[in-house]
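The structure under discussion appears below in the form of structure tokens.
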Amino acid sequence: MKTYRIALLPGDGIGKEVIPAAVQVLNAAAKGFTLSYEPFEWGCEYYLRQGRMMPEDGLEALRPFDAILLGAIGHPTVPDHISLRDLLLKIRFEFDLYINLRPVEILPGVETPLRDKRPEDVNMLFVRENSEGEYSGVGGRFKRGTPDEVAIQQSVFTRKGVERVIRYAFEQARRRPRKRLASATKSNAMQYTMVLWDEVVREVGCEYPDVTVAQYHVDALAARMITHPESLDVVVGSNLFADILTDLGGALQGSLGLAASANINPLERRGPPVFEPVHGSAPDIEGRGIANPIAAIWASAMMLDNLGEPVAAARIMSGLKTVLAAGQVRTPDLGGKSTTQEFAAAVANQVKS
């Protein structure tokens, strides 16, 4: 029987609550294969003790695993640019997880800010460039603390990096019924990086005549997500643009507690892929047992699908949607009174049945 080794990185805040919930559901779905877990207690608490977010050999410790299930990174006690860059971004960049996938769907029984929109009206897949672009970390500050202080942050767009993410997005669009691809750009104001992006979209698009392509300035695309979400299918964007748009997508779903993501390298393996909810650590509700585990559960389904267990992944999503449609068990952010553990148990029972 196949055994998958999963590294658990609960991280900070409610990450420590939603990851055990996801594991409960994963264990219910594990039929015909087994899951072996190893926890890593890295994050902001580790930083406060050790002065770093993860051990010096942390990447090598993670490398043998089949996948990483991550909860949340960040806490008010540690500056965001340290907590994010020195753990999550370090893993993404060093393992070259250049694709970030974020589905945006309306789940059954969940009220959303979009009036009169049904689950069949909103089904988007965002493909975000995940290893360069605006988050490359190139730049610096000098003359700190003086009136002449200067901060420079450079975006780095390589043709290789742009082409591979755009090609992957075209492949995803080709596999979906509507075969539509929307590209987020801002080439009217960013005459180098975004013009390169647009050129590559056109060049690669010639190889996919069956895919309908539309290019939108990122601000117009944000508006379209609200006014005409049914017109969007696969959306591809740079590291920054797609990051912002997908948080908007989470809000349109009805709660950031629903936003799941996958960080993958579909061509080669330099390290394990990372699957995570993107709701943040939510320190205001930490320890209260009311965090919404849906995004973590959804991310775990994406993990199983990536590992080659699509049947088990489908059982998780079916169980999740059945519980939500029934409307009896839901966490406070969705208008209910259920705890994190109660919701996870309800989904796990559906997956088992």
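Could you check the range 39-76 and list, in sequence order, the residues that are touching a strand residue (DSSP E or B) at 6+ places or on another chain (Cβ under 6 Å) and more than 24 Å from Ala259 (Cβ to Cβ)?
Residue satisfying the conditions is Tyr47 alone.
With surrounded by fewer than 13 Cβ atoms within 10 Å (Cβ to Cβ), closer than 27 Å to Arg85 by Cβ and either modelled with pLDDT of 95 or more or not assigned by TED's automatic domain parsing to the domain that holds Ile264 (or both) as the only criterion, which of Val138, Val165, Val200, Val127 stands out?
Exactly one of Val138, Val165, Val200, Val127 is surrounded by fewer than 13 Cβ atoms within 10 Å (Cβ to Cβ), closer than 27 Å to Arg85 by Cβ and either modelled with pLDDT of 95 or more or not assigned by TED's automatic domain parsing to the domain that holds Ile264 (or both), namely Val138.
Could you grab the pairs with beta carbons closer than 8 Å, sequence gap of 6+ or different chains, first residue in the range 250-262 and more than 13 Å from Ile106 (Cβ to Cβ), second one aromatic (Phe, Trp, Tyr) and in a strand (DSSP E or B)?
Ala260/Phe275; Ser261/Phe275; Ala262/Phe275
Given the criterion over 21 Å from Gln350 (Cα atoms) and surrounded by 18 or more Cβ atoms within 10 Å (Cβ to Cβ), identify the matching residue among Ala262, Ala296.
Testing whether each residue is over 21 Å from Gln350 (Cα atoms) and surrounded by 18 or more Cβ atoms within 10 Å (Cβ to Cβ) leaves just Ala262.
Which residue is nearest to Ala295 (Cα to Cα), if the candidates are limited to the range 324-347 and must be part of a loop (DSSP other than H, G, I, E, B) and of a type in the set (Ser, Thr, Tyr)? Even if it seems obvious, please write down each step before you answer.
Of all residues in the range 324-347, those part of a loop (DSSP other than H, G, I, E, B) come to 327-331, 335-339.
Adding the requirement that they be of a type in the set (Ser, Thr, Tyr) leaves 331, 338-339.
Details: Thr331: 12, Ser338: 16, Thr339: 15 Å.
The residue in question is Thr331.
In the range 208-259, which residue that is in contact with a Lys or Arg (Cβ under 6 Å, 6 or more places away or on another chain) and among the aliphatic types (A, V, I, L, M) is surrounded by the most Cβ atoms within 10 Å (Cβ to Cβ)?
Ala242
Counting just the residues of the range 308-334 that are among the small types (Gly, Ala, Ser), surrounded by fewer than 18 Cβ atoms within 10 Å (Cβ to Cβ) and under 24 Å from the mean Cα position of the chain (by Cα), which one comes out nearest to Val110 (Cα to Cα)? Explain how you work it out, then say what you get.
From the range 308-334, those among the small types (Gly, Ala, Ser) are 308, 312-314, 318-319, 325-327; that's our starting set.
Adding the requirement that they be surrounded by fewer than 18 Cβ atoms within 10 Å (Cβ to Cβ) leaves 308, 314, 318, 325-327.
If we keep only those that are under 24 Å from the mean Cα position of the chain (by Cα) as well, we get 308, 314, 318, 325.
On the way: Gly308: 29, Ala314: 19, Ser318: 15, Ala325: 8 Å.
Applying the filter and picking the extreme gives Ala325.
One residue is enough: does the range 83-94 have a residue meeting the conditions assigned by TED's automatic domain parsing to the domain that holds Asn263, in contact with a Phe, Trp or Tyr (Cβ under 7 Å, 6 or more places away or on another chain) and among the β-branched types (Val, Ile, Thr)?
Checked against the condition, which is being assigned by TED's automatic domain parsing to the domain that holds Asn263, in contact with a Phe, Trp or Tyr (Cβ under 7 Å, 6 or more places away or on another chain) and among the β-branched types (Val, Ile, Thr), the range 83-94 yields no hits at all.
Could you please tell me which pairs satisfy a Cβ distance under 8 Å, a separation of 6+ or placement on different chains, a first residue in the range 6-22 that is closer than 15 Å to Ala260 by Cα and assigned by TED's automatic domain parsing to the domain that holds Tyr47, and a second residue that is at pLDDT 95 or above and among the aromatic types (Phe, Trp, Tyr)?
Ala21/Phe343
Which numbered condition trips up Ile152, out of (1) of a type in the set (A, V, I, L, M, F, W, C); (2) in a helix (DSSP H, G or I); (3) surrounded by fewer than 17 Cβ atoms within 10 Å (Cβ to Cβ)?
Ile152 satisfies every listed condition except (2).
How many residues, within the range 152-169, are out of contact with any helix residue (DSSP H, G or I) (no Cβ under 6 Å at 6 or more places or on another chain) and of a type outside the set (S, T, N, Q)?
Residues meeting the conditions: 9.
The values are calculated or read from the model by the stated rules, or taken from the named source; none is laboratory data. Quick caveat: nothing in here was measured; it's all calculated off a predicted structure. Here the Cβ is made from the backbone with ideal geometry for all residues, glycine too, and neighbour counts use every protein chain on show.
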